[in-house]
Structures are given as C-alpha cells and as structure tokens.
1. Does region 345-362 contain at least one residue that is under 24 Å from Leu187 (Cβ atoms) and in contact with a helix residue (DSSP H, G or I) (Cβ under 6 Å, 6 or more places away or on another chain)?
2. Can you name every residue in region 301-321 that is open to solvent by 50 Å² or more (accessible area, probe 1.4 Å) and either touching a helix residue (DSSP H, G or I) at 6+ places or on another chain (Cβ under 8 Å) or within 15 Å of Ile383 (Cα to Cα) (or both)?
3. Within region 148-158, take every residue that is under 16 Å from the mean Cα position of the chain (by Cα) and assigned to a loop (DSSP other than H, G, I, E, B) and give me the one that is farthest from Phe281 (Cα to Cα).
4. Given the conditions (1) part of a helix (DSSP H, G or I); (2) in contact with a strand residue (DSSP E or B) (Cβ under 9 Å, 6 or more places away or on another chain); (3) in contact (Cβ under 8 Å) with a residue 40 or more places away in the chain, which single one is not true for Ala145?
5. Enumerate the pairs (first residue in region 242-258 and closer than 21 Å to Gln203 by Cα; second residue anywhere and outside any helix (DSSP H, G or I)) with beta-carbon separation below 7 Å, excluding pairs fewer than 6 apart on the same chain, so at least 6 apart or on different chains.
6. Name the residues in region 101-151 that are polar (S, T, N, Q) and surrounded by fewer than 20 Cβ atoms within 10 Å (Cβ to Cβ), would you?
7. Going residue by residue through region 159-171, is there one that turns out to be in a strand (DSSP E or B), surrounded by fewer than 14 Cβ atoms within 10 Å (Cβ to Cβ) and touching a residue at least 12 places away in the same chain (Cβ under 8 Å)?
8. Can you run down the residue pairs with Cβ atoms below 7 Å, 6 or more apart or on separate chains, where the first is in region 89-114 and closer than 20 Å to Trp350 by Cα and the partner is of a type in the set (S, T, N, Q)?
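The values are calculated or read from the model by the stated rules, or taken from the named source; none is laboratory data. These figures come from a predicted structure and were not determined experimentally. Counting neighbours? That spans all protein chains shown, and the Cβs are built from the backbone with ideal geometry, glycine included. Accessible surface is based on the protein model in full, side chains and every heavy atom, while ligands, DNA and RNA are left aside. Shrake-Rupley method; radii C 1.70, N 1.55, O 1.52, S 1.80 Å.
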Amino acid sequence: MLRKWKIALLLTLVVAMISGCFGEKPVLEELGKDGKGKIKVVYYSEEAFYSEYGNSFNVKYPDIEFEVVDQQEMQRELQDKEDADYQEEMQKFLDKHKPDVLMIDLPTMEKMAQEGKLYNLDAVIAQEKFDLEGFMPGLIDMIRARGGGSLYGLAPNFYTNVIFYNAGLFREHNIEPPRNKMTWQELIDLSSRFSGIGSGENQIYGYSERYGSLDSFLTSIAQGSSLRLFDAKGEKLVFNTDGWKQAMKMASDAIRSKAVYTQPMDEGNERMYMGDDDLFFKGKAAMIMSGPWVISEFKNRMMWDKEAKEIDWGMVTAPVDPANPDESSYATLHEVFAIAADSPNKRAAWEFVKFVNGPEMAKAASRSSRGSLPTRNQFMKEIDGKSTEAFYLLRPKAEYESMWGGPNVKIPSDFYMEFLSLLGKEMKAVVDNKKTVEEAAAAIQAKGEEALQKGREAEKARKAAQKGAEGDSGKAAEDNKTEDSGSAEAGTSEGID
C-alpha cells in the first residue's frame, strides 16, 4: 500500500514538472516566430485608423499588416437607400467584408453575440492575466451585461455628459454651486434660484438646454430617470404613465418659470434657432449639460466669439436617477473592439485588441482630450487643472437601454421625427397653459401610437416593394441568362450542321 502511494506521488510530481516546463496549452496559437500576421479591421476611415491606433501598434508589431475596411463606404451606401435600417445594413456590411476585428457599438455587439458571431474573450483574458481591474468601475460589468455574462469586446474610450457650471455666477449671486449626484429635480430647484435675476435680453437662467428645445429637454430628463417609450417587446408605446407625466411637469414648470432656457418654437411648432445656443458662454446661463469636448471651448471661444466671456468653470456629475444614485445613464460606448468568431487570424486580432485596450494606449489618450475619455481611469486625473472626478465618479449603468429600447426593438424610421415633433407641440401647449399635463400625455399616447402603426405599415409596404423589385431583377437576370444560353446552343448547332 505504501509502495502504491509513493508511485502515485511520484507520478503527480512528474506531471507537475512537465506542466511547469511546458506550461498550459495556449487558448490561441502564438504568432509565428517572425511575428508576422495580417488583420482586417473595420474603422471610420483608413487615415483615422492609422492616426488613432495603427501607427502606434506597428511600432510594437512592425510585421503585422492591416487591411482597413472603410466604414464610410457603408455610410455612402446608406445615403442611396431611403429609410434603410442601420443595424441591418451594418450586419450586411460586416458579412460582406468579413473583418477579423470589428469596431462596433454596444447594441450591435449584443446582437452579434446572441447570434454567435463574436469570439468570447474570457478564456484568453484569464490565461494571459490581462488586467481588467484598471478599467473604470462598472465598465466591464456594462459590457458583460450585453454579452449575457460573457465578455465579447473591450472599449478603450467612453463618452459621458456632466454638468458644467459658471462658478463666478454662483458666487456673484450668493447661490451655492451644484454638487455631484444631484437628481433632475434638485438641479431644477437650484436653477430656479436664478429665475428672478435680470429680464429680457439680460435674463439669467439657471440651466440652458444647449442647442435643444422643449422636446430635447424632456428627453434629457427621461434619460436620467430611466424612462422608456415602449413595452418590453417594443410593440406598444407606453407614454401615458406616472413617470412621463412627472417628467413633463418638471420640464414645463422649469421652462415656464424661466429657471431653464430652451430654444423657442415657431407657430408651426418647429424649433427656431435664435443664436442663443451659447448663453452659457455669454454669462447668461449658470449651467449646461455636455461632454468633455466643451472644455476646449473654454480656452478658444473668445478667439472668435466677441460676446463670449472668460469663465471660471467647474463640473459635477450629470443628474442621477434617485433609485440608482451611483449610476449614470449618460455614459455610452460607441467603439467596442470585438473579434469575429470565424476569424482565421484570432491571435493577431487579439494582440491588437489587447494593445488598444491596454494601459499604454490609455496613458497616451490621457494627454489629450478628443471628446472621448479613456476607460482606464488611473491616468487622466485632471484636465486644464480641473479634477476629472465628475467623469469617473458614477458607474455606467450596466442594464442601460435608451428610451427608444434595445437592439431587438424595431422602430420605423418615419416615427422618430414625427414623434419628437408631437412631443414638442404638446409640451409647448403645457408650457403655455393651454393643456394640462394629463391632457398632453393622453394626446401623445394616442397620436404617438397612431404614428407608430402608420410608420410600420409604410415600412412594410416599402420592404414588400423592394422585395418585389429584387425579385423582378433576379427574374430578368435569369431570363437573360436563359436567352444567352439558348443563343449559344443555337450557334453551336448551326456550327455542327
């Protein structure tokens, strides 16, 4: 018995030694000894790709070649296709070019993962101990949530909105400045303290919906409050609810009291561009909500805008949903890098995805702000001497869906503009005291549902017509082929005779 135990122990030690010498089998085959490889990657344009990533990557991997599929090709094709579905066209485009690395948004990643078209990164990340801890809190959870718990992509950058405020205006009028994690109601209450300051052209507003009118201010509140326009299946409009009515009252009261400024609307309920989009830079609005790209305007605005004033600015987080005060509904990912499940170049593709999402690129990105922010948050601590805490304090909402629904909700393209116009019209009626919130919400529900059904019928008719045209085209091609074949046979027969 003792002898058997010694033999078993010896075998265990031998196996352990062999594992230590040779290591576990790699999930992905290593690059060849010469380090060569080739990757086909989708990006906005070839020039933009090399400027953003390709040149830096080739310094480390000089023998890996790229074939860049220009996404602008798809955009040009879409211009020629009236009412084309973006998701469908994107999928056709990817199926046509079969890239190894895909640069896609989260909804597209979710849909492709569900269809088994993306490579699961979990195994290779675990084996290579790729650092996921360095990403901002909530980022990886957000991507995993869209992958059913698995990681099908990584994102080097993200976009988010914050509240920028004019600290000088708050000091001048002895009003306490905004703070992190305010709700929309708290922000509007703060804005209302400016309501009685100035009048006419000298009116000071607490908050300005930059470039936006009544409908966009309402949808900004809706986004922060996690409101949805459709049921879970995306079949019915669900507007006439307590949540939407509360948001309508909040928005209309704020605009009516001049706590908030939005672009005025004409008699036809169309937005009127009055040149007052930048009240904030003229010192006539204390707060705006925007992204990090606005920071460059603080330095450059006065070079070309004579009315702009130098601003002592600060920033705090965008408004939060009181039910989830540590999460942001405004953090989004537009550039998720994923690998095609059927890619024959997975190792080279992974080296690229790993590099793009690694600390080296994040450190480089932290030195300049291009409107997006690095998802690794240990490098960008300040911008122009201002703390970046407001950008990174809130976790991106893991289960976030826009008010329009998720990737499986199909909305007719005709519906969007018609519905937003309806929203603006009814909101104006409420602000002007011509309708109650209840009356306006009921009208939006009824007319919106009507517009949705009308849009679906029109889209169905267009698709049927398109299918018919494609069928006729295919039949014509087949007839021509048959005719050509018949002519050839006739010619052959004549030659034999």
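1. Restricting attention to region 345-362, the residues satisfying the condition of being under 24 Å from Leu187 (Cβ atoms) are none.
No, that holds for no residue.
2. The initial filter retains those residues of region 301-321 that are open to solvent by 50 Å² or more (accessible area, probe 1.4 Å), namely 302-304, 306-307, 309-310, 312.
Across region 301-321, the qualifying residues are Glu307, Lys309, Glu310, Asp312.
3. Initially, region 148-158 is screened for residues under 16 Å from the mean Cα position of the chain (by Cα), giving 153-158.
Next, from what is left, pick out any that are assigned to a loop (DSSP other than H, G, I, E, B): 153, 155-156.
Numbers: Gly153: 39, Ala155: 33, Pro156: 31 Å.
Per the stated criteria, the residue is Gly153.
4. If we test Ala145 against (1) part of a helix (DSSP H, G or I); (2) in contact with a strand residue (DSSP E or B) (Cβ under 9 Å, 6 or more places away or on another chain); (3) in contact (Cβ under 8 Å) with a residue 40 or more places away in the chain, just (2) comes out false.
5. Within 7 Å, the pairs are Ala254/Val260; Ile255/Thr262; Ser257/Ser195; Lys258/Ser195; Lys258/Gln203; Lys258/Tyr205.
6. So the first thing to find is which residues in region 101-151 are polar (S, T, N, Q), and the list is 108, 114, 120, 127, 150.
If the condition is that a residue be polar (S, T, N, Q) and surrounded by fewer than 20 Cβ atoms within 10 Å (Cβ to Cβ), then Gln114, Asn120, Gln127, Ser150 are the ones that fit.
7. no
8. Asp100/Ser343; Asp100/Asn345; Thr108/Gln87
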